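> Structure below; questions to follow.
No lab work stands behind these numbers, since they all come straight from the coordinates. All values derive from a computational prediction rather than experimental measurement. So basically every Cβ, Gly included, is an ideal-geometry build from the backbone, and we count neighbours across all protein chains shown.
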Amino acid sequence: MTPTPTWLTLLCGSAILSGGIVAGIFFAFSDFIMKSLATIPPASGIEAMTSINRRVYRSIFIAGIWMVAILSAALIFAGFTQPKSPASYWLIGGGIIYILGVIAVSFIYNIPMNHKLEALGTTNKESDSYWKRYLSKWLLWNHARSASAIASSLCYLIAFSAMNS
């Protein structure tokens, strides 16, 4: 059996840790943040969510999301180019799950909904009805992002274990 290169072990370990942090933040939004925002008046919820979105786009969290995406791409590449082993398939699977389930879902669903929410603001006559739809639809897709981040971290953990056993 060929020993796993140190760089690959480090990349995989970094993806486990940073992917787990991303998963935890998404999970917090799914578990209690959005549910809390749903209990306050729509204008206040819209204001709070818009403020959160403005802040998050310039946060370390966004850097973390992109770091895991870059690590995922590198791990997919490594999975295809390293000697084939069970770890290779877990690396490829984890990368695909993260890129599709976190990055693609964010750009196709959550981010456009955030932009529309901000554009409507709190005084537009559509704001209240959009807020109700936004809460359920945004939360559904956030559940998908949370589950994907958790699943990709689990795939990386299995690959890490396979590489180091």
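> Roughly what would the spin-label model give for residue 70 and residue 28, points 7 Å off Cα along C-beta, in nm?
2.3 nm
> Roughly how far apart, in whole Å, are the Cα centres of the stretch 82-101 and the stretch 1-52?
Their Cα centres are 20 Å away from one another.
> Sticking with this one: Which of the peptides 110-118, 137-145, 97-105 is most tightly packed, and how do the rest follow, judged by the mean count of other Cβ atoms within 10 Å per residue?
On the way: 110-118: 15.7, 137-145: 18.0, 97-105: 20.3.
Most protected by this proxy first, the peptides run 97-105, 137-145, 110-118.
> Could you give the semi-axes, largest first, of the ellipsoid that matches the stretch 57-165, computed as the square roots of 5 times the alpha carbon gyration tensor eigenvalues and rounded to whole Å?
Largest first, the stretch 57-165 gives 36, 12, 10 Å.
> Where does helix 111-120 land angle-wise versus the long Cα axis of the chain, in degrees 0 to 90, nearest 10?
With rounding to tens, the tilt is 20 degrees.
> Would you calculate a helix-derived [θ] at 222 nm for the chain, using -39,500 (n - 2.57) for each DSSP H run of n ≥ 4 and dividing by the full residue count, to the nearest 500?
Helix-only estimate at 222 nm: -25500 deg cm²/dmol.
> Also, I was wondering about something else. Given contacts defined as C-alpha pairs under 8 Å and at least six residues apart, what's the relative contact order of the stretch 36-160, whole-number percent?
Details: 115 pairs, mean separation 41.9, N = 125.
In percent, rounded to a whole number, it is 34.
> Given the convex hull of the Cα atoms of the stretch 65-114, what is a quarter of its surface area in nm²?
In nm², the orientation-averaged hull projection of the stretch 65-114 is 3.2.
> Shifting gears a bit: Please list 65-73, 47-55 highest first by mean number of surrounding beta-carbon atoms within 10 Å per residue.
Packing order, densest peptide first, comes out as 65-73, 47-55.
> Let me ask something else about it. Enumerate the calculated ³J(HN,Hα) couplings along the stretch 156-161 in order (Karplus 6.51 cos²θ - 1.76 cosθ + 1.60, θ = phi - 60°), each rounded to whole Hz, writing x wherever the residue is Gly or Pro.
Each residue of the stretch 156-161 in turn: 5, 5, 5, 4, 4, 4 Hz.
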